[in-house]
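Each remark here refers to the structure printed beneath this line.
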Amino acid sequence: MNHVAKRARAGSVAVLTWAGLFTVPAVLTGCTEATSLFGDNRSPGDAIRIFPEDGAENVGADSRLGVTVPDGRIERVKVTRMEDAEHQEVPGRIAEDGRSWAPRDDTYRLGLAGKYSVEAVAVDEDGHRSARSTTFTTLVPKDRFIGYFKPENRSTVGTGMIVSFDFNRPVKNRAAVEKAIRITTEPRVEVVGHWFGKDRLDFRPARYWEPGTEVTVDVGLRDVEGAPGVYGSQRKKVAFQVGRSQTSVVDARAHTMEVRRDGEVVSTVPITAGAAKTTTYNGKMVVSELHDVTRMDGSTVGFGGEYDIKDVPHAIRLTKSGTFLHGNYWESPDIFGSENTSHGCIGLRDVKGGGSDTPAGWFFERTLVGDVVEVVNSTDRTVAPDNGLGGWNIGWPQWKAGSALR
C-alpha cells in the first residue's frame, strides 16, 4: 500500500495517474488533497466524506463503511480489503440520488485484522470531478475462537450424518455464530441448527438424508463476535456427499443385528450386548469413527481395571462416552446370538487381528461414518442426544426449538 500513500502526496502527476484509472479528464490539476472542485473553500473531506476516517486504527467490525457527498453525485467507489497478501473488493451500490455509497450487503461487517483502502470519484453539476483516497485499519482481536467439526471435506457419509461443531470457547452470541454457518444442499432440503450448551452446535434435516445428496458447509466465522471481545477465526467451505442408505437395528433381547441396505434386509448378524449390570444404551447412534484396531481400557470410561484389551479389531465408535460396535475374539463363539456379556458395547464375532470373513469384518467393510445403528429392547435408558451424534433421538419440533435463530 505504499504506492497509495505516495499517490496522495505526489501532486499533479499522481492525481492524473489515479484519475486515468477512473477516466477522470485531464483538466484536473494540482493535488486532490489540497483543492476541491466542489467549491473553493471546501476541503476534499467536505466534498467527499468517507467512513471510517482516513488513517483510523482499531476500527470495529460493526463500524460504518460508506461514502457521501453533500451535493453533486458519486461516480465511482472502489473499496478493497487487504489481508494476508490477498486483496478482496467489497461489492457496493450507489444510492439512486447519487449522494451515498454503501456495501451491497446490508449486513456487511468489516473484516478484523485487515487494512482497507477506499477510492472515490464524485462529479458536481458543472461536470467537474474530484477524487479522494483513504485507508484505515481494523481491530486486531486478542481472543479468537474456532469450531472443530465433522465430516471431512470431500467425504462420502451415511444418511444419518449430523454436522457437528465443538467450539473451543463458550459462545454467548449464539444467533450470530449460527447465522455465520450456512449449509446448502442439492437437492434442496431444510437444515436446522440445535445448540447443546454454549460450546456445541449440530445441524441436521428433519429426516435422514436422501442418498446422493450433495451438502456444502460454508463456515463464515471469521470476525464473528462469539462472546464479548472473542472473535471467530475460520473462513472455509467444506463439501461432502451422502452415499447409499444403511441402517442397522440391534435387538439386545434377541441378540441380533438386522442390517438394511436401501431399505432391504441384507443380513441378520448374531451379537452380544451389554450385560445386566453394564447394559447398552437404547436409541439411535451415528457412526463417528472407524478403527481397524484400537485399545480399550476400562479405566478410561469408569470401569477401573476390569479390562484392558490392546488390540480390539474392527472398532466402530457410536458414542462419545465410549460405546463401540466392535469385533470380539476373546469370548467363546457360542455367546454371539445367545448372551449379553459386554460392558455396554455391541460385540460381533471376530478373530485376533481381525478377519475379513468374520461377521465383524463383513460389517466393518460395509460401514460409513454417518451410518445409523439403533439399539432396541435394552433395559438401559435412551442415549443422550449430545452423547456422540445422538441428535436423531430428538423429534423435529424439539430440534428446531434448540436453534438460536427461531
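The values are calculated or read from the model by the stated rules, or taken from the named source; none is laboratory data. All figures in this text were calculated on a predicted structure; none of them were measured in a lab. Don't worry about glycine lacking a Cβ; one is built from the backbone with ideal geometry, like all the others, and counts go over all protein chains shown. Surface accessibility is based on the protein's heavy atoms, side chains included, excluding ligands, DNA and RNA. Shrake-Rupley method; radii C 1.70, N 1.55, O 1.52, S 1.80 Å.
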**Request:** Check cross-link reach from Lys352 to the aspartates and glutamates: straight Cα distance under 18 Å, and skip same-chain residues fewer than eight apart.
**Result:** Asp292, Asp297, Asp308, Asp311, Glu331, Asp334, Glu365
**Prompt:** Taking the mean number of other Cβ atoms within 10 Å as a proxy for protection, how do you rank 104-115, 218-229 from highest to lowest?
**Reply:** 218-229, 104-115
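Ordering Ser267, Ser164 by how much accessible area each has at a 1.4 Å probe, largest first, what is the list?
Working: Ser267 30, Ser164 10 Å².
The ranking, largest first, comes out as Ser267, Ser164.
Probe of 1.4 angstrom, ligands and nucleic acids ignored: what's the accessible area per residue over the chain, in square angstrom?
On the way: 20050 Å² over 406 residues.
That works out to 49 Å² for each residue.
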**Complete:** Charge dipole of region 149-216 built from unit charges on the beta carbon (Lys, Arg +1; Asp, Glu -1), centred at mean Cα; most positive-end Cα among Ser164, Thr213, Thr185 is Ser164
**Protection proxy ranking, peptides 298-304, 250-256, 155-161, 89-95, average beta carbon neighbours within 10 Å, highest first** = 155-161, 250-256, 89-95, 298-304
**Request:** Under 1.5 on a/c is rounded, so check that first for region 316-386, then, if it is not, pick prolate when a/b is larger than b/c and oblate when it is not; a ≥ b ≥ c are the square roots of the alpha carbon gyration tensor eigenvalues.
**Result:** oblate
**Fill in**
If one compares the long axis through the Cα atoms of helix 12-21 with the longest principal axis of the Cα atoms of the chain, the angle in degrees, nearest 10, works out at 50 degrees
**Item:** Charge dipole (debye, nearest 20) of the chain; +1 at Cβ of Lys and Arg, -1 at Cβ of Asp and Glu
**Value:** 560 debye
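Only Cα pairs under 8 Å and at least 6 apart count here; give the relative contact order of the chain as a rounded whole percent. Before the final figure, lay out the partial values.
Numbers: 982 pairs, mean separation 52.0, N = 406.
This gives 13 percent for the chain.
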**Complete:** The lysines whose Cα lies under 24 Å from the Cα of Lys277, excluding any fewer than 8 residues away in the same chain, are Lys310, Lys320
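Please identify the trypsin sites (Lys or Arg not before Pro) of region 133-190 that satisfy two criteria: DSSP loop assignment and at most 12 other Cβ atoms within 10 Å. Which are they? Don't skip to the answer; put the middle values down first.
Numbers: sites: Lys142, Arg144, Arg154, Lys172, Arg174, Lys179, Arg182, Arg188; in loops: Lys142, Arg154, Lys172, Arg188.
Counting only loop positions with at most 12 other Cβ atoms within 10 Å, the trypsin sites (Lys or Arg not before Pro) in region 133-190 are Lys142, Arg154, Arg188.
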**Prompt:** Under unit Cβ charges (Lys, Arg +1; Asp, Glu -1), what dipole magnitude, rounded to 20 debye, does region 214-287 have relative to its Cα centre?
**Reply:** 160 debye
**Selected from Gly395, Val373, Trp362, residue furthest toward positive end of dipole (region 314-406; charges at beta carbon)** = Gly395
**Message:** Using each residue's phi in region 292-304, evaluate 6.51 cos²θ - 1.76 cosθ + 1.60 at θ = phi - 60° and report the 3J(HN,Hα) Karplus result to the nearest Hz, with x for Gly and Pro.
**Reply:** 4, 8, 8, 9, 10, 10, x, 5, 7, 10, x, 10, x
**Complete:** Share of accessible surface on carbon and sulfur in the chain, whole %, 1.4 Å probe and ligands ignored, is 46 percent
